[in-house]
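The values are calculated or read from the model by the stated rules, or taken from the named source; none is laboratory data. Keep in mind the model is a prediction, meaning the values are calculated, not measured. Using ideal geometry, Cβ is built from the backbone for each residue, glycine included, and neighbour counts are taken over all protein chains shown. Remember, those area values only see protein heavy atoms, side chains included, never the ligands or the DNA or RNA. Shrake-Rupley method; radii C 1.70, N 1.55, O 1.52, S 1.80 Å.
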Amino acid sequence: MVDGDTDFEYKKKSSWDIFSDEQIDSAFDFCNGYISFLSKVKTEREAVDEIKKIVESKKKKLFLNKHAGAAVVAKGSRPISEGVRLIISHMDSPRLDLKQVPLFEDGDCNLALLETHYYGGIKKFQWLTIPLALHGVVVKQDGSKINLSIGEKPDDPVFCVPDLLPHLSHEVQDNKKLRDAIQGESLDIAIGNRPFKNNNKDDEKKDGNNKLKKMVLQKLHEEYGLVEEDFVSADIEAVPAYQPREIGFDRALIGGYGQDDRVCVYTSLQAIMDVENPVYTSIALFVDKEEIGSEGNTSAQAMAFLRLILKQLDSDADIDKVMMNSQVISADVDAAVTPNYKQVFELKNASSLGNGVGMSKYTGHGGKYSANDAPAEYVGEIRSMLNSQNIPWQTGELGKVDKGGGGTVAKYFSRMGMNVIDLGPPVLSMHAPFEITSKLDVYAAYLAYKKFLSSE
Ligand code: MN
Ligand code: MN
């Protein structure tokens, strides 16, 4: 390469050319662990449970924020006033949440159903006619808590939002705009068809038209000790019931639910587990509620948790000084260039599957509104780090200017004085019930996070 080289194509270099054969084998091995993690973790609470197990096995310092926040710390040799190395990922993914009063029956259809309220940005039609599992917790009147996971074992029942047959959808769906064709209020999950039968004729009359609902309530009481009011104090999520799989004849891709952003949860967790005696204190922070704007006490905006951790690491530390000196990776996924829809991407800047971990200087929408726009100096440091380690990377951008956009948790941390950049693997079909990543990009993200946490 000569000075002033205009052939700016290194970004488009395939990871298959950059990685050695041994590294490609390591990437595939690494992804076996990731696929297994994905198969066990379908909610933010389950992510916390799995993080606990993995951390306990290796004895790193674990902090928990209520039911859906966690942090893993590897203490560095330098005082934290010189700054920490922080990677943040989010454990929540789009799904259908149950409403507080979800259970009803439709006598005309002979179905018992559950009302839902979708969580995060979904294309509603993608959630119809797929097998769903119910995961979550119910807090009963006496304060006891019941964990639910129904639909994952091979002999479990699953649940499903029905759709209208194409023979009759012309007027009520096909002629509408795609986004209006399915109403949020119509995402009701079918859960039963068998009416309750009362042998006592008088009681039979009293049950009236609620026999389907009564049957469900009887089953819920028998199997879980639940009564109808218990749904009021519950976090129950309907998620795809199927397992993650390898995709393609070459098995180079991974398909599965919730890869945004559990791919970064897993890679940053493995990275910090592999960091020993770092120079700067390393923290992997796992947050909730990113998909609904990072609101709430387990979200990225709940800074009290991070402040508390820093105070526990050094009670004398000036927390503002720690934050001002810290370097951060917002570990979140990037939009992969999508076949048949390339017109919404600007191909020089967008990321593609298999070209490495995506680095986004900024996100946001319109004129960079709501973006963390990382300064050139910090982008330069990350770029040098990736190049010096020969880690495949590419730039990332959430679509063409004015075509849409989106945000990450980056801005909440840059606001606190930290240097922050977005770095994560590209995902195809983001927010769909079956998202796609490339194994080599997943591995590249892990290598990048590990190097970042152990950097001097
Ligand atoms: Mn995300
Ligand atoms: Mn998302």
(request) Could you give log10 I(q)/I(0) at q = 0.09, 0.13 Å⁻¹ for the chain, computed by the Debye formula over C-alpha point scatterers of equal weight, without solvent? (result) -0.63, -1.19
(request) Please calculate how many Å² of accessible area the range 84-181 carries per residue, with a 1.4 Å probe and no DNA, RNA or ligand atoms counted. (result) 53 Å²
(message) On C-alpha positions alone, give me the angle between the axis of helix 211-224 and the longest principal axis of the chain, in degrees, nearest 10.
(response) 50 degrees
(request) Would you mind getting me the FRET efficiency between Phe125 and Val401? Use the beta-carbon distance for r and R0 = 25 Å, nearest 0.05. (result) 0.35
(request) Using θ = phi - 60° and the Karplus relation 6.51 cos²θ - 1.76 cosθ + 1.60, list the HN-Hα couplings for the range 113-129 in order, rounded to whole Hz, with x at every Gly or Pro. (result) 9, 10, 6, 10, 10, 5, 10, x, x, 10, 8, 4, 4, 5, 9, 8, 6
(message) Using each residue's phi in the range 84-96, evaluate 6.51 cos²θ - 1.76 cosθ + 1.60 at θ = phi - 60° and report the 3J(HN,Hα) Karplus result to the nearest Hz, with x for Gly and Pro.
(response) 10, 9, 10, 10, 10, 9, 10, 9, 8, 9, x, 5, 10
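Can you order the peptides 256-265, 153-162 by their average number of other Cβ atoms within 10 Å per residue, highest first? It would help to have the intermediate numbers written out before the result.
Working: 256-265: 28.0, 153-162: 13.2.
Order by mean packing, descending: 256-265, 153-162.
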(message) Check which residues have an amide H placed less than 5 Å from Gly258's amide H, if you skip close sequence neighbours.
(response) Glu435
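Send over a whole-number figure in Å² for the accessible area per residue of the range 325-456, probe 1.4 Å.
On the way: 5090 Å² over 132 residues.
Counting only protein heavy atoms, the per-residue value for the range 325-456 is 39 Å².
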(request) Using the Karplus curve 6.51 cos²θ - 1.76 cosθ + 1.60 with θ = phi - 60°, work out ³J(HN,Hα) for each residue of the range 15-22 in order, rounded to whole Hz, and write x for Gly and Pro. (result) 4, 5, 8, 7, 6, 6, 4, 5
(message) Just to check, using Stokes-Einstein with a Kirkwood Rh over alpha carbon pairs, what's the diffusion coefficient of the range 95-240 at 4 °C and 1.567 mPa s in µm²/s?
(response) 78 µm²/s
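Could you work out how much longer the chain between Asp274 and His167 gets when fully extended? Use 0.36 nm per residue separation minus the Cα distance between them, nm to one decimal. Don't jump to the answer; show the numbers that get you there.
On the way: separation 107, 0.36 × 107 = 38.52 nm, distance 5.59 nm.
Separation in residues times 0.36 nm, less the Cα-Cα distance, equals 32.9 nm.
What percentage of the solvent-accessible surface of the chain, computed with a 1.4 Å probe over protein heavy atoms, is contributed by carbon and sulfur atoms? Mind showing how you got there, number by number?
Values: 10790 of 21910 Å².
Here it works out to 49 percent.
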(message) For the pairs Lys40/Lys348; Lys53/Lys140; Lys40/Lys451, flag any whose C-alpha to C-alpha distance is greater than 32 Å.
(response) Lys40/Lys348
(request) Could you quote the convex hull projected area for the range 1-140, Cα atoms only and averaged over all directions, in nm²? (result) 16.9 nm²
(message) Check which residues have an amide H placed less than 5 Å from Val427's amide H, if you skip close sequence neighbours.
(response) Asp334, Ala335, Ala336
(request) With unit charges on the beta carbon (Lys/Arg positive, Asp/Glu negative), name the residue among Ala410, Leu64, Ser454 whose Cα is farthest towards the positive pole of the charge dipole of the chain. (result) Leu64
(message) If amide hydrogens are placed 1.01 Å from N in the peptide plane, which non-local residues have theirs closer than 5 Å to the one on Leu226?
(response) His221
(request) Mind grabbing the base-10 log of I(q)/I(0) for the range 335-456 at q = 0.14, 0.17, 0.21 Å⁻¹? Debye formula, identical points on the C-alpha positions, no solvent, two decimal places. (result) -0.59, -0.88, -1.30
(request) May I ask what percent, to the nearest 5, of DSSP beta bridges between residues of the chain are antiparallel? (result) 70 percent
(message) Only four residue types carry charge here, +1 at the Cβ of Lys and Arg and -1 at the Cβ of Asp and Glu. Report the dipole size of the chain about the Cα centre in Debye, rounded to the nearest 20.
(response) 420 debye
(request) Report, in degrees rounded to the nearest 10, the 0 to 90 angle that the Cα long axis of helix 44-58 makes with the longest principal axis of the chain. (result) 50 degrees
(request) Using only the C-alpha atoms of the range 138-200, find the volume of their convex hull and express it per residue in Å³. (result) 234 Å³
